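In what follows, a structure is listed as structure tokens, so that the remarks can point back to it.
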Amino acid sequence: MQQIALLLQGGGALGAYELGVLRHMHEKQMLPVQMVAGVSIGAANAAVLVGSRSDDPLPALETLWQKLTVPQIPFAPDIVEQNLALFGNPHMSRLRTDFWNMPHWTAMYSPDPLRELLHELVDFDKLNSSDTIVQLSAVQIESGEIVTFTNRNGQRITADHVIASLSIPPMFPAVEIDGRHYWDGGLFDNAPLGAMINGLPAASPIRFVIVNLFPLKGLVPQNLPQVQDRMLEIIFSNKVLGDMERMEDYNALAELARKLKKVLPAGSPILGMPGFQDIERLSMIEHPVVITNNMPEEQSATLDFSPKSIANRIAAGYRDATAALAAPAGQSAAASKPAAAAKPQAANKSATKATVRTRAKTGTAASQASAAPPKPTTAKPATAKAAPARARKPAAKE
């Protein structure tokens, strides 16, 4: 098992990009990984990756995206296929037809086709007994808090948890689990790095690989579909951006903590200070690899499950992963990209700003604080800068 913590973000049809990344990681024998966290469509990819009914998860992932791709219509213009999923996707969403009840609708589609597909591809017993730590994020509607479902701490992940993580309103209805209701985790945080750190053993020699489906920067929309698409991009984009100078200060603190640990006696009370331990834990993501989707997209990209668009995203994910994972730590992945590769994201000059996600919960457990550590914004191994933030153990179950 590779000492990798893999984050698969959400983004609807953009999730095909993650298949391209996983293809490359599979070829380079970088799978299985120690941890995989999934948000929204990334939760579906994570469930298939870890719980595939076959020993090799890649064919199951290929099947997932083959079935999520809408049928090709001969001689139809691209825009027709790009918007075909609006009428329902045979293996993901079923458009509601009870129009007489529309005043009481809370969603436009049923996710039952996707639930059936998940059961076809995923052995949830295998997923829950896996050596790979799995984390799926969702927003608990009543409290407005982020919740992390996991296959650890006596919890179990089911198809309902996967659907809950990707139930973006008003497309899908809320999912009820144990009397509580959940929406898409990306509404709160599409990069739950804090929960990932809290779920790993302290001082793990781990390498973070983050698949970023939404570049933060974009164009001003010129019509309503583009408005909708840009809104989703901003909602799902990284919410922990900050300036580089401040992040350098945080990395300097982490370096100071390492040096202090070498010179302080074993029983020093400084080593037991919560702040000191926080800095040590956050230093685990000082050199993550961030693979960013920079390919140009048409309007309504998150709902574009057309064959051409899905194939292009898979190819882009494979290409970008090849460049990003080949570059040594501290070296720009962009330097190793072929000329045809996507240009580095304009946000290269930005770094991530650490925040603290308070009262984050694991499954139905009681409150747990979750540090939201830094998230670099380039498709390259970079030095992330993290603010000290407290990592607490999950509280006892209710």
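With N set to the residue count of region 45-114, report its C-alpha Rg divided by 2.2 N^0.38 Å to two decimal places.
It is 1.41.
Could you compute Rg(Cα) / (2.2 N^0.38 Å) for region 127-226, with N its residue count? Walk me through the intermediate numbers first.
On the way: Rg = 15.8 Å, N = 100, 2.2 N^0.38 = 12.7 Å.
For region 127-226, the normalised Cα radius of gyration comes out at 1.25.
Among the listed pairs 28/262; 28/259; 217/308, which have their C-alpha atoms separated by more than 32 angstrom in this model? Intermediate values should be presented prior to the final figure.
Details: 28/262 36 Å; 28/259 35 Å; 217/308 24 Å.
Distance filter (> 32 Å) returns 28/262; 28/259.
List the residues whose amide H sits under 5 Å from the amide H of residue 181, counting only those 5 or more places along or on another chain, with H placed 1.01 Å from N in the peptide plane.
It is 141, 142, by chain and number.
Could you work out how far apart the two model spin labels at residue 105 and residue 67 are, taking each label as a point 7 Å from the Cα in the direction of the beta carbon, and quote it in nm?
Placing both labels 7 Å beyond Cα along the Cβ direction yields 2.6 nm.
Can you pull the Kirkwood radius for region 29-157, inverse mean 1/r over Cα pairs, to one decimal in Å?
Details: mean 1/r = 0.0599 Å⁻¹.
With all distinct Cα pairs of region 29-157 included, I get 16.7 Å.
Starting with the highest mean, order 61-71, 218-228, 5-15 by the number of other Cβ atoms within 10 Å, averaged over the residues of each peptide. Walk me through the numbers before you get to the answer.
Working: 61-71: 19.5, 218-228: 12.0, 5-15: 27.9.
Top of the packing list down: 5-15, 61-71, 218-228.
Need the full-extension length gain, residue 96 to residue 231, defined as separation in residues times 0.36 nm minus the C-alpha distance. One decimal, nm. Kindly include the intermediate steps, with their values, before the conclusion.
Values: separation 135, 0.36 × 135 = 48.60 nm, distance 2.43 nm.
Extending this stretch completely gives an extra 46.2 nm.
What percent does the relative contact order of region 81-155 come to when contacts are Cα pairs within less than 8 Å and at least six residues apart? Write out the running numbers ahead of the final one.
Values: 64 pairs, mean separation 15.5, N = 75.
Once divided by the residue count of region 81-155, the mean separation gives 21 percent.
Here, each number is a calculation from the coordinates, and none is a lab measurement. None of the values given here were measured: they were computed from a predicted structure. Heads up, the Cβs are rebuilt from the backbone with ideal geometry, glycines too, and the neighbour counts pull from every protein chain shown.
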